[in-house]
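First the structure, in the form of structure tokens, and then the observations on it.
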Amino acid sequence: MNTPSLDHYLVVGNPIAHSKSPFIHAEFAKQTQQAISYEPLLIETNNGAFTQAIQAFQAQGGKGLNVTVPFKQEAWALVKQRSTRAERAGAVNTIGFDNQGNSWGDNTDGIGLVRDLTKNHGKSLNNQRILLLGAGGAVRGVLEPILQEKPACCVIANRTVEKAQTLARLFTDLGDISASSYTDLAGQQFDIIINGTSASLQGELPPLPDDIIPLKRGWCYDMMYSAQRTPFIQWALEHGAICARDGLGMLVEQAAEAFYLWRGVRPETEPVIELLKQRLRDSLSASPQTLPPEYSGIENRPEPTRFGDWEKSGRCIDF
Ligand code: ATR
């Protein structure tokens, strides 16, 4: 019996060593019996290195790749065709090559967030008042799929209000979307609050009014995840949220969508989310002595890590 030859995929970024994507895609491949390899590749951040690396990979017969910090915008500029959601996001996290040698780019981050909320947590976004915290690439990347769920309204709050205003203008044709300062949120309440700021990376919280969550009804979602409650999740639970979830499911769901785009097969995400949760729990109980040698000198406490951004901190303990 012939063994099928492997199709090759990469995840590229800088840094990349801590990426969970190789683990996630290996699990998907096992589960769906797809003959693929999926490797991390560190790319230097000097001019042109990203383009050269991608072109070389394609020339060697590579089938596709995931792109993470800081190359998502470069990937957007590089690909020949972009999906509409990637076009709007201004960033590409998934690239594929077709048989004619053309590259296409998509952004699966937003659909990952929406699926985690709707499918995994059973929370519909339809007709909900949604507040998004932050106006950087993380929030821009998820806006179109969120607006497609037809929320009642979507407010973007940011420390630098002008950035929120610019972002809201970019999506204004897709629904009721507006910008706000944190101060101007006083007196308002939202059904769902999504944290897309990088505040937790500095152990901080966006300055939200104490009564912004409708008691026993409001949901909160953090694009960060951690073995322990993120500062935002902790705050949400102390301020009346009926449910507060972190972004681990989003990480797995965006990977599942990329896998589907490449392979035409949809993997089950739940068992992979459970495996990752277990590994996070294990990392909490691991003593410094039991950590692999490459982690020596790293604080033995998992940092909150933000989806798509966790490589940036370079301090999270990965597996
Ligand atoms: P990314 O592209 O990954 O989203 P970014 O562009 O650096 O990263 O954006 C980070 C976001 O987190 C911004 O919205 C930032 O607010 P400013 O635009 O005002 O800088 C927000 N942010 C970072 N630290 C914060 C803090 N301590 N409190 C509130 N917002 C914070």
Matching option when the condition is modelled with pLDDT of 95 or more and touching a helix residue (DSSP H, G or I) at 6+ places or on another chain (Cβ under 8 Å), among D222, D210: D222
Are any residues in region 110-137 under 20 Å from K163 (Cα atoms) and either touching a residue at least 40 places away in the same chain (Cβ under 8 Å) or hydrophobic (A, V, I, L, M, F, W, C) (or both), and if so, which ones? I130, L131, L132, L133, G134, A135, G136, G137
State yes or no: is I146 closer than 15 Å to G112 by Cβ, surrounded by 24 or more Cβ atoms within 10 Å (Cβ to Cβ) and out of contact with any Gly (no Cβ under 6 Å at 6 or more places or on another chain)? yes
Residue, nearest to G187 (Cα to Cα), within region 89-113, restricted to residues that are in contact with a helix residue (DSSP H, G or I) (Cβ under 8 Å, 6 or more places away or on another chain) and surrounded by fewer than 19 Cβ atoms within 10 Å (Cβ to Cβ): G90
Given the conditions (1) in contact with a strand residue (DSSP E or B) (Cβ under 7 Å, 6 or more places away or on another chain); (2) within 10 Å of the ligand (Cβ to nearest atom), report the number of the one that L205 does not fulfil. (1)
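Is it the case, given these coordinates, that L208 is buried (at least 21 other Cβ atoms within 10 Å of the Cβ) and over 22 Å from the mean Cα position of the chain (by Cα)? Before you say what the answer is, go through the steps one by one.
Values: buried (at least 21 other Cβ atoms within 10 Å of the Cβ): yes; over 22 Å from the mean Cα position of the chain (by Cα): yes.
Here the answer is yes, as L208 does meet what is asked.
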The one condition in (1) surrounded by 15 or more Cβ atoms within 10 Å (Cβ to Cβ); (2) out of contact with any helix residue (DSSP H, G or I) (no Cβ under 6 Å at 6 or more places or on another chain); (3) among the hydroxyl-bearing types (S, T, Y) that Y38 fails to fulfil: (2)
Region 70-107, residues that are closer than 19 Å to L170 by Cβ and among the β-branched types (V, I, T): T84, V92
I'd like to check something: does region 109-130 contain any residue that is within 22 Å of K63 (Cα to Cα), within 20 Å of the chain's Cα centre (by Cα) and within 16 Å of the ligand (Cβ to nearest atom)? yes
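Does Q188 satisfy the condition of being over 25 Å from A75 (Cβ atoms), more than 13 Å from the ligand (Cβ to nearest atom) and at pLDDT 95 or above?
Criteria met by Q188.
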Only one of A164, A241, A236, A258 is crowded, with 22+ Cβ neighbours inside 10 Å and in the same structural domain as V11 (by TED's automatic domain parsing), namely A258
With the first residue restricted to region 197-214 and required to be outside the structural domain of F232 (by TED's automatic domain parsing) and at positive phi, and the second required to be outside any loop (DSSP other than H, G, I, E, B) and buried (at least 17 other Cβ atoms within 10 Å of the Cβ), Cβ contacts under 7 Å at 6 or more apart or on different chains are none
Using the structure shown, decide if R140 is touching a residue at least 40 places away in the same chain (Cβ under 8 Å) and either away from the ligand (no atom under 16 Å from the Cβ) or in the same structural domain as Q60 (by TED's automatic domain parsing) (or both). no
Give the residue that is farthest from V252 (Cα to Cα), with candidates limited to residues of region 6-56 that are touching a residue at least 60 places away in the same chain (Cβ under 8 Å) and of a type in the set (F, W, Y). Y9
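The values are calculated or read from the model by the stated rules, or taken from the named source; none is laboratory data. None of the values given here were measured: they were computed from a predicted structure. Counting neighbours? That spans all protein chains shown, and the Cβs are built from the backbone with ideal geometry, glycine included.
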